[in-house]
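For reference, the structure discussed in these notes is given below.
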Amino acid sequence: MRIMDGIRINLGSGELSRFTKKIVRKLSDMKDFYYDKSAVKEILIRSDPIIYEVYAYETERQDGNLSFATTILYPGKIGREFYMTKGHFHEKEDRAEVYVGLSGTGLMLIMDKNGETKIVKIEPNSVIYVPPYHAHRAVNIGDKPLIFLAIYPSDAGHNYGDIKLKGFSKIVVQENGEVKIIDNPNYTR
Ligand code: M6P
Ligand code: ZN
């Protein structure tokens, strides 16, 4: 009987050996998501840095199926705010997700519908459960790429609308060389 190869994760680069979709998210693709709009403008005059890349292995969008993706979130800041993913609620809001940290250090913001945000560390070998009805965003607070695996129902979908408009209730910034979690001045309940 033939033994099949599984899909491998390159732990150095975060790349999947097989994937159905690759996303490259540059600053120009997510300028509304950072709180400091003038810092965004300033950077975009000179360059358009890649903030993160996603290798997704997605199966048919049907109840019961699972999909998974690795994300490589680069280190850096826009103004004082650390590089982060857009963050999203699921289109099917009752769908949950699991994140597994593979390399680098970061934080996961997990926010409920009322804007209550919990923050969990992402580091190698950490497993983070995102419950249904919660928005989730990863933030790189280190100086190396943050690499993690996410596993989610194939029919979950992404809803960026609310996040694009208001963001998360908390943002992660650097202050006097330290990582600080502060209230997002642009967030309204
Ligand atoms: C993880 C998963 C993906 C998601 C990606 C980037 O890999 O949650 O579903 O697309 O992170 O996050 P976002 O879609 O918020 O930019
Ligand atoms: Zn998700």
I need the full set of residues from the stretch 53-83 which are within 14 Å of ligand 2 (Cβ to nearest atom) and part of a strand (DSSP E or B), in order please. Val54, Ala56, Leu66, Ser67, Phe68, Ala69, Thr70, Thr71
When the residues of the stretch 84-104 are narrowed to those that are open to solvent by 40 Å² or more (accessible area, probe 1.4 Å) and assigned to a strand (DSSP E or B), which ends up nearest to ligand 1 (Cβ to nearest atom)? Val98
Residue in the stretch 40-53 that is in contact with a Pro (Cβ under 7 Å, 6 or more places away or on another chain) and of a type in the set (Gly, Ala, Ser) present: no
Can you find, within the stretch 111-122, the residue that is farthest from ligand 1 (Cβ to nearest atom) among those that are in contact (Cβ under 8 Å) with a residue 40 or more places away in the chain and in contact with a Phe, Trp or Tyr (Cβ under 8 Å, 6 or more places away or on another chain)? Gly115
Under 6 Å between Cβ atoms, which residue pairs at least 6 apart in sequence (or on different chains) link something in the stretch 123-146 that is touching a residue at least 12 places away in the same chain (Cβ under 8 Å) and part of a loop (DSSP other than H, G, I, E, B) with a partner that is open to solvent by 30 Å² or more (accessible area, probe 1.4 Å) and acidic (Asp, Glu)? Pro132/Asp94; Tyr133/Glu93; His134/Asp112
Among the residues of the stretch 63-72, is any small (Gly, Ala, Ser) and open to solvent by less than 10 Å² (accessible area, probe 1.4 Å)? yes
Sole miss for His136 among (1) at pLDDT 95 or above; (2) more than 11 Å from ligand 1 (Cβ to nearest atom) is condition (2)
Top-ranked residue in the stretch 141-171 [being of a type in the set (A, V, I, L, M, F, W, C) and within 23 Å of Lys37 (Cβ to Cβ); ranked as nearest to ligand 2 (Cβ to nearest atom)]: Ile163
Could you check how many residues of the stretch 148-189 are of a type outside the set (Ser, Thr, Tyr), under 21 Å from Glu93 (Cβ atoms) and open to solvent by 30 Å² or more (accessible area, probe 1.4 Å)? 10
Only one of (1) outside any loop (DSSP other than H, G, I, E, B); (2) modelled with pLDDT under 95; (3) more than 14 Å from ligand 1 (Cβ to nearest atom) fails for Asp162. Which number is that? (3)
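Just give me the residues in the stretch 17-52 being among the charged types (D, E, K, R), within 24 Å of Lys170 (Cα to Cα) and either within 16 Å of ligand 2 (Cβ to nearest atom) or assigned to a strand (DSSP E or B) (or both), in sequence order. Please lay out each step first, then the result.
Here is the first cut: in the stretch 17-52, the ones among the charged types (D, E, K, R) are 18, 21-22, 25-26, 29, 31-32, 36-37, 41-42, 46, 48.
With the extra rule that they be within 24 Å of Lys170 (Cα to Cα), the set shrinks to 25-26, 29, 31-32, 36-37, 41-42.
Residues satisfying the conditions are Arg25, Lys26.
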Search the stretch 64-76 for residues that are farther than 22 Å from Gly12 by Cα and pair each with any residue that is open to solvent by 20 Å² or more (accessible area, probe 1.4 Å) and within 10 Å of ligand 1 (Cβ to nearest atom) when their beta-carbon atoms are under 8 Å apart and the residues are at least 6 apart or on different chains. Leu66/Ile151; Leu66/Tyr152
Scanning the stretch 18-44 residue by residue, those open to solvent by less than 60 Å² (accessible area, probe 1.4 Å) and of a type in the set (Gly, Ala, Ser) turn out to be Ser28, Ala39
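The values are calculated or read from the model by the stated rules, or taken from the named source; none is laboratory data. Model, not experiment: these values are computed from the prediction. Glycine also receives a Cβ, built like all others from the backbone with ideal geometry; neighbour counts cover every protein chain displayed. Heads up: the accessible areas ignore ligands, DNA and RNA and are worked out on the full protein's heavy atoms, side chains in. Shrake-Rupley method; radii C 1.70, N 1.55, O 1.52, S 1.80 Å.
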